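*Asks:* Once you've had a glance at the structure underneath, I'll fire off some questions.
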């Protein structure tokens with residue numbers, strides 16, 4: 001065990017925000033203010049961008065009352081960034097660290113964020129500048145490796161489950177086909193959460209399409225027709241990342257076949273635009289209309305609401321998000337670790353509980369985690385094993401109720 005390192009600490013937030021990301025931020029602030037070896041508690045505006053530019057604020061000066069309010073605010077209070085820093089960028093970051101005697105670096109985010117922390121660790125070591133570099137997990141995609149689940153997922157899953165419950169009741173009132181596109185470019189964890197409010201096969205979503213399975217448009221139309229013919233209506237949950245057997249995004253295939261300009265559209269990261277415009281839902285709705293005639297078909301794209309809706313948080317998600325922030329500081333000042341990512345382990349027992357542990361940064365960086373096969377049922381549904389896994393993270397989803405329909409006398 002090495003001697004306790006003394007110096008300032010800085011934290012940044014990166015990637016797509018969540019509704020509980022500031023719980024992790026406040027957990028860090030609380031624990032860092034309590035740590036005798038941390039001389040200043042700093043935050044960087046817009047992640048590594050702020051660290052490169054020296055755009056830092058004194059988080060240690062914030063009152064406990066304000067921090068408790070900030071913890072309940074969705075999205076990144078410090079401002080987020082989507083940036084993979086190169087060697088020159090990291091050199092600027094470390095220059096800032098040296099200027100402020102920053103010896104503790106914490107970064108809240110997903111797998112790319114863990115990779116950035118890993119790079120900072122390596123470059124600082126090459127320069128002989130001693131630091132502690134820790135990744136604090138966050139993503140509604142729930143696709144980080146090693147950890148059982150990711151802070152942010154439980155609340156987003158709760159929102160999706162409730163949204164589909166409401167849409168299902170709407171669809172019962174005015175029957176037709178309703179298609180909802182849910183976030184998830186590579187993994188279907190969030191789309192799968194649409195099933196958490198179902199009581200039986202009669203409840204929507206009746207069909208769930210995930211990136212972990214090949215999407216066949218002809219089979220999709222047949223599936224919708226089968227449900228519609230059986231129930232007189234159909235609710236569909238679709239991940240934005242659905243693709244063909246060659247891993248080509250469905251929207252790109254559809255646009256190329258239709259000769260549409262959508263085929264060339266890219267997002268800010270150079271990826272094929274999957275859902276931000278509503279085009280995916282429109283394309284799927286059009287398929288249904290063409291093959292099923294004049295039935296009522298609608299499509300929605302949930303978009304950013306999934307990760308920033310403040311009124312439907314999971315209490316468990318909030319508590320765990322706060323805890324990973326605190327435990328990152330505890331691990332950093334313990335002298336036992338020079339770097340790492342905080343992961344969550346689910347404990348055995350009838351009642352849900354969890355604990356955290358430290359995993360090396362390289363085990364989380366770069367790569368993502370798909371849903372395992374045992375959580376998927378066929379090509380268009382999820383299994384009971386997934387429901388058992390995800391439900392505790394949401395804090396529970398109350399079933400809907402129906403009128404008894406007692407006949408008149």
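*Asks:* Taking the options 390, 311, name whichever one is at pLDDT below 95, at negative phi and not in a strand (DSSP E or B).
*Replies:* 311
*Asks:* Residue 318 - would you say it is touching a residue at least 12 places away in the same chain (Cβ under 8 Å), surrounded by 14 or more Cβ atoms within 10 Å (Cβ to Cβ), under 23 Å from residue 192 (Cβ atoms) and assigned by TED's automatic domain parsing to the domain that holds residue 109?
*Replies:* Criteria met by residue 318.
*Asks:* Could you tell me which numbered condition residue 370 fails, if it satisfies all but one of (1) buried (at least 17 other Cβ atoms within 10 Å of the Cβ); (2) under 21 Å from residue 144 (Cβ atoms)?
*Replies:* (1)
*Asks:* Another question about this same structure. Would you mind telling me which numbered condition in (1) surrounded by fewer than 14 Cβ atoms within 10 Å (Cβ to Cβ); (2) touching a strand residue (DSSP E or B) at 6+ places or on another chain (Cβ under 9 Å); (3) on the phi > 0 side of the Ramachandran plot residue 352 fails?
*Replies:* Of everything listed in (1) surrounded by fewer than 14 Cβ atoms within 10 Å (Cβ to Cβ); (2) touching a strand residue (DSSP E or B) at 6+ places or on another chain (Cβ under 9 Å); (3) on the phi > 0 side of the Ramachandran plot, residue 352 misses just condition (3).
*Asks:* Quick check on residue 79: is it touching a residue at least 60 places away in the same chain (Cβ under 8 Å) and over 26 Å from residue 354 (Cβ atoms)?
*Replies:* Yes, satisfied.
*Asks:* Oh, and also: Being assigned by TED's automatic domain parsing to the domain that holds residue 50 and under 18 Å from the mean Cα position of the chain (by Cα) is the requirement here; does residue 110 meet it?
*Replies:* For residue 110, the condition - assigned by TED's automatic domain parsing to the domain that holds residue 50 and under 18 Å from the mean Cα position of the chain (by Cα) - is met.
*Asks:* Out of segment 268-303, which residues are surrounded by 14 or more Cβ atoms within 10 Å (Cβ to Cβ) and modelled with pLDDT under 55?
*Replies:* Correct list: 272, 273, 274, 275.
Condition check ((1) out of contact with any helix residue (DSSP H, G or I) (no Cβ under 8 Å at 6 or more places or on another chain); (2) assigned to a helix (DSSP H, G or I); (3) closer than 17 Å to residue 376 by Cα) across all residues:
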| site | (1), (2), (3) |
| --- | --- |
| 179 | no, no, no |
| 186 | yes, no, yes |
| 190 | no, yes, yes |
| 195 | no, yes, yes |
| 201 | yes, no, yes |
| 205 | no, no, yes |
| 208 | no, no, yes |
| 214 | yes, no, yes |
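*Asks:* Only residues that are in contact (Cβ under 8 Å) with a residue 60 or more places away in the chain and in contact with a strand residue (DSSP E or B) (Cβ under 7 Å, 6 or more places away or on another chain): list them for segment 56-76, please.
*Replies:* Selection gives 76 alone.
*Asks:* Which number in (1) touching a residue at least 12 places away in the same chain (Cβ under 8 Å); (2) outside the structural domain of residue 139 (by TED's automatic domain parsing) marks the one condition that residue 328 misses?
*Replies:* Going through the list (1) touching a residue at least 12 places away in the same chain (Cβ under 8 Å); (2) outside the structural domain of residue 139 (by TED's automatic domain parsing), residue 328 breaks only (2).
The values are calculated or read from the model by the stated rules, or taken from the named source; none is laboratory data. Being a predicted model, the structure only gives us computed values, none of them experimental. Cβ sites come from the backbone with ideal geometry, for glycine too, and all protein chains shown count toward neighbours.
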